[in-house]
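J.: Here you go, one structure.
The values are calculated or read from the model by the stated rules, or taken from the named source; none is laboratory data. Everything numeric here is computed off the predicted structure, so don't read it as measured data. FYI the Cβ positions are ideal-geometry reconstructions off the backbone, even for glycines, and counts take in every protein chain you see. Calculation scope for accessible area: heavy atoms of the full protein, side chains included, ligands and nucleic acids excluded. Shrake-Rupley method; radii C 1.70, N 1.55, O 1.52, S 1.80 Å.
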Amino acid sequence: MLDARFPGVPVYVPRADLHSAIVSSALLASAGLTDQILDDRGRVSGAIHTPIREFIRELAPARRTELYRAVLAKCAALGIVAVHENAAPGIDTPEGLAELIDMTSSPESGLPQVVGYLGMLVRSVEQVEELRAQVPGLAGLAGDLSVDGSFGSHSAALREPYTDAPDTIGTLHLSAQEIEQHLAACSDAGMTAGFHVIGDRALDTVLEAVTSLVERDPSYVSKLRRCGHRLEHVELADEVSRTELAKYGFMVSVQPAFDAHWGAPGGMYEQRLGSERLRATSPIRDFTRDGIPMGFGSDSPVTAIDPWGGVAAAVFHSNPEQRISARAAFKAHTRGGWRLGGESNFMAGEIRVGAPAHLAVWRAEELGVQAENDGRSSWTTDGRSGSPLLPILSQDGNRPQCLATLRAGIFIYDDLGN
Ligand SMILES: [Zn+2]
């Protein structure tokens, strides 16, 4: 269809989750590939997708820098002081990540801070040190280091087959052994490790690696906890798995917007997973209750960069059992992010004496205490408790408007005329 509509034109059409794409014959030809690489659904996915993504992302260095600045300026205008960037082969180069970290290292840059992760697998401390030297300020060998794919592309690794594709249980890109080596090398080097994990079988594989590692050498229990390894997405985590995550000090980076987009009854997740598994997806209230440090993200460009949208999606989770209070969601999107990013000042993300002056100024229509979870709020709604009020959010729309953003006391966005 692409060839008929766009004869001779290289066309790349990624799925919204970026875990698979369809491409025209002209694009394959320019990338030096043939249609042999297409899977049985006519898509490029998995390992073969990476060289194609690299091919379409070839940019002149000046253009690349311009794009970095544009997206960071947009983030600042949205009240964002720090961006967690997940670079990986097929997304960006180690040199690109090094440039991003360097150009934003000081608040005087006028840009948000970049907390940079590189999704590259290592086997040894030496390899960790090489990458640390190549990307000064690297926050972790984590992020889009994919253990599996996505629900949308039928590639998230599941224990049981997909409801709408009974012939598949998804794809594992890494073995438990590879994950174990990566965790061991990073823990030994004092580097945060982490993985993209969506399905329950992918999480099982990570936990199998952890179990094997600590059985082999119990000293890794404390090493793992000290490094604060982080997992992206973690959309299916049962109670046993969550207990293990908490035990070894794992932190989770979750995307409430995924639930808002695809988690509603009748939506894509229910088609893929069926109604029973749907109820287990995006267990953000369970993470909160089990004491697993949690931060929120957009996974942009998968969903739009929209911090208040993330808070609203958590407050109005499609599964009422998993709704959290606006305050808990706000903390996950502020303090939680700094904690996941390894910020040493434990007060970062709060407004109090001694905390860095990372601030955003908002215009909000109405302030109040909001919880849509039938009184299950985890904090007191008593005004005497001194808890600050937050903007009242509707399920869609009605977001506070950012007027200014300050990083360490310096304006990086200013619509107030300062
Ligand atoms: Zn991911």
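J.: If you check 200, 217, which single one turns out to be under 18 Å from the mean Cα position of the chain (by Cα), in the same structural domain as residue 123 (by TED's automatic domain parsing) and charged (D, E, K, R)?
T.: Among 200, 217, only 200 is under 18 Å from the mean Cα position of the chain (by Cα), in the same structural domain as residue 123 (by TED's automatic domain parsing) and charged (D, E, K, R).
J.: Starting from segment 96-114, keep only residues that are within 16 Å of residue 80 (Cα to Cα), then list their pairs with residues that are among the polar types (S, T, N, Q) and part of a loop (DSSP other than H, G, I, E, B) whose Cβ atoms are within a distance under 7 Å, requiring at least 6 positions of separation or different chains.
T.: 111/104; 112/104; 113/104; 114/104
J.: Looking only at residues that are within 16 Å of the ligand (Cβ to nearest atom) and small (Gly, Ala, Ser) in segment 71-95, which one is farthest from residue 130 (Cα to Cα)?
T.: Among those residues, the one meeting the criterion is 90.
J.: Can residue 262 be described as away from the ligand (no atom under 16 Å from the Cβ), of a type in the set (Phe, Trp, Tyr) and at pLDDT 95 or above?
T.: In short, no.
J.: For the condition assigned to a loop (DSSP other than H, G, I, E, B), touching a residue at least 40 places away in the same chain (Cβ under 8 Å) and open to solvent by less than 50 Å² (accessible area, probe 1.4 Å), what is the one hit in 253, 298?
T.: Exactly one residue qualifies, and that residue is 298.
J.: I've got another one for you. If you scan segment 267-282, which residues turn out to be closer than 19 Å to residue 205 by Cα and either among the aromatic types (Phe, Trp, Tyr) or in a loop (DSSP other than H, G, I, E, B) (or both)?
T.: If the condition is that a residue be closer than 19 Å to residue 205 by Cα and either among the aromatic types (Phe, Trp, Tyr) or in a loop (DSSP other than H, G, I, E, B) (or both), then 280, 282 are the ones that fit.
J.: Further, regarding this structure: Hey, among 12, 68, which residue is within 30 Å of residue 335 (Cβ to Cβ) and aromatic (Phe, Trp, Tyr)?
T.: Every option except 68 fails the conditions.
J.: Moving on to the next point. Is it fair to say residue 264 is surrounded by fewer than 23 Cβ atoms within 10 Å (Cβ to Cβ), assigned by TED's automatic domain parsing to the domain that holds residue 114 and part of a loop (DSSP other than H, G, I, E, B)?
T.: yes
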